[in-house]
Amino acid sequence: MYFIGIDLGTSAVKMLLMRDDGKIVNSVTKSYPISFPYTGWSEQNPEDWLRETKRGLIELMAEYPKEELVGISFGGQMHGLVVLDENDRVIRPAILWNDGRSSEETEFLNTSVGRNVLSERTANIAFAGFTLPKILWMKKHEPDLFSKIRRIMLPKDYLIYMLSGEFCTDFSDASGTLLLDVKNRSWSKEMLELCNLNINQLPKLCESYEQVGTLRKEVAEELDFKPTVKIIAGAGDNAAAAIGTGTIGEGRCNISLGTSGTIFISSTHFKVDSFNALHSFAHADGNFHLMGCMLSAASANQWWCKNILGTTHYDEEQANIQKLGENNVYFLPYLMGERSPHNNPFARAMFVGMSLDTNREDMVQAVLEGVAFGLRDSFEIARELGIKVNRTKICGGGAKSLLWCKIIANVMNVTVEIPEQDEGPALGAAILAAVGSGFYQDLESAVSRIVRVKDSIEPEEILVKKYEQAYWNFRKLYPAIKDWYGK
C-alpha cells in the first residue's frame, strides 16, 4: 500500500510517495510564482497550487501501481487567506503568511479589542501574518469583493476542497487564523461577530488524522486514480513537520529551519505564556503545542548568499568558518519584520559590529548565528513557563548544514537530533495519511516505526559559555534600536 503526503509551500508544492513501512519511494516538486505587488505584500494564485499539484500527482504515481494508493494528506503554509464566491471561484489572490499589509488591523485588534480579550478568546494575540487581520483588511479596502465571500479557507484546505469537495480544515491550521478558540477547539463566536462573518463561511473543523472524504469522481478520472482514495485532513506546515520528526506528546521539541524558522514544543496540556509571545496552537496529534516563529531563517542565509554575495554554494561559504562563539559581528534577522517574540512587522535586518578586519566568513557566520539567537528568544520564553527541553529534532533546508546545527546546539545548550528522513511537512502528511486511512492504529505507533535519528550533535561546554555571552549581547540590540523602526 502507498500513501501520499503533500506539502503546499510558499515557493513550491512537494509530494512524497510513502510505502506502508515508511520508506519514501518517490518525490516530486512543482514550483509556482509568488507576487509582491507592493512593499510588504505577498500573494499567490490558488489555481496555480491546484494545477501544479495535479501535475505532480500524475508524475509521482507514473511508475507505481495506482490501485495500491490508499490515502492522501496535506501539510501547508499557514495563515493565508483564500476566499471563494458562491460559484467556488477564487475572488482575489491569496494573501500569504508573510504579507505585512494588515499592520493597522493588527494594531486595532491588539489595542481596541485588547490583547487580554484576544488571548481569552483565541489563546493568542494578533500578528500581521494571521488570517483575521487579512480579513479585516479586505473588509475595509475591498468591500465589494468582501461582500462576495462564500467560503474562507486556508491554503492546503483549498486543495482539499478542489480535490474532494469537502469544505474543512484541521485544528492546527485553524489555530493560526485568530478565529479559533484553541482551548475548547471550536470557532469563536465572538471573533466571528467582530468581522461580520457567519459560521457557514468557515470550514468544518477536523482532527489532522481524520478522514474527510475521497477524491471527486472527475478528479480521480483526471489523475487516473481510484475514486476511493481517502483524503485525510492534514495539518499546518509546522505541525505536519513535527509529526514527521516524531514531535508528539508531552515536552518534545522540533526546530524548523525553512523559509521561516520555528521552535515547536508539543504538549498534552493547554498552555499560554503571559505575554503571548509564543503561539498557543492545537497540534496534529490531538493535543496542543507552543510555537515561536521568526519570519526569516533559511531565507536569511539564502538572501545573504544569493542576493548579496551572488552565490548559491552555501557549503563553500561556510567551509572556512571556525571561530564559533567569537564573532564580533551580529545580525538581526528581521528581513520581513518579526513575529516571535517582538510582533513587529516594521522591524528590519541589520548588521552590527563590523570593523576593518571583518571578512566574508564573519558576515556569513553572523547570519547563521543571528537566526540561532532569534530562535533562542522563543526558547527562553518556554523556559520561563517551566518547560525543560534537553534535546530537539531539527528539519528544513537549513538543517542540511551541520555547522548551523552545531551553532544551534551550543546557542540553545541542547542536543540536536537529525532525523534519517528530513522531508519536512510532506513526511508528516504522509504519516497522517497512513494513520487516517487506518493502516496504523495511532500516531504514536506510526512515528515509532517510521521516524529514525541518523545523527546527533551535543553541545560543548566551552562553546556554550561563549555563546551564552554572545546571546545576551544580541538581546540588547533590538531594544536599543526598535524606536528607529517606528514602533
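Read-outs: derived from the displayed coordinates by stated rules, not from any lab. Owing to the predicted nature of the structure, the values given are computational and were not obtained by experimental measurement. Backbone-built Cβ (ideal geometry, glycine too); neighbour counts: all protein chains shown.
Per-structure values
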| quantity | calculated |
| --- | --- |
| Relative contact order [Cα under 8 Å, 6+ residues apart], the range 2-233, whole percent | 19 percent |
| Proximal lysines to residue 134, defined as alpha-carbon separation beneath 20 angstrom and excluding residues fewer than eight positions away on the same chain | 148, 156, 189 |
| Dipole of the range 2-233, positive end: most advanced residue of 17, 184, 208 [Cβ charges, Cα centre] | 184 |
| Euclidean distance of C-alpha centroids, the range 309-348 and the range 251-267, integer Å | 18 Å |
| Fraction of beta bridges assigned by DSSP in the chain that are antiparallel (%, nearest 5) | 70 percent |
| Cα-Cα P(r), the range 2-233, percent of pairs per 10 Å interval | 8, 33, 34, 18, 7, 0 |
| Amide H partners (placed H, <5 Å) of residue 69, local residues excluded | 2 |
| Sorted by Cβ density within 10 Å, fewest first, the residues 25, 212 | 25, 212 |
| Computed [θ] at 222 nm, helices only, for the chain once each DSSP H run of length n ≥ 4 contributes -39500 (n - 2.57) | -9500 deg cm²/dmol |
| Centre separation in Å (Cα based) which lies between the range 74-88 and the range 7-33 | 20 Å |
| Highest average packing first - 451-463, 339-351, 82-94, Cβ atoms within 10 Å | 339-351, 82-94, 451-463 |
| At 1.567 mPa s and 4 °C, Stokes diffusion of the range 165-214 via Kirkwood alpha-carbon radius, µm² per second | 114 µm²/s |
| Size of electric dipole in the range 1-56: Cβ of Lys, Arg +1 and of Asp, Glu -1, about Cα centre, debye, nearest 20 | 200 debye |
| Rg/Rh (Cα only; Kirkwood hydrodynamic radius) as it applies to the range 214-267 | 1.22 |
| Hits among lysines - C-alpha to C-alpha of residue 388 under 18 Å, sequence gap 8 or more where chains match | 271 |
| Projected-area average for the range 107-178 over all orientations - Cα convex hull basis, square nanometres | 5.4 nm² |
| Within the chain: Cβ-based charge dipole about Cα centre, in debye rounded to nearest 20 (Lys, Arg +1; Asp, Glu -1) | 600 debye |
| Equivalent ellipsoid semi-axes - Cα gyration tensor, the range 1-131, angstrom | 35, 18, 13 |
| Test item: Cα-centred dipole of the range 211-271, Lys/Arg +1 and Asp/Glu -1 on Cβ, debye | 240 debye |
| Proximal lysines relative to residue 306, as straight alpha-carbon distance under 18 Å, when same-chain residues fewer than 8 apart are discounted | 400 |
| FRET E, pair residue 64, residue 20, Förster distance 22 Å, beta-carbon r, rounded to 0.05 | 0.95 |
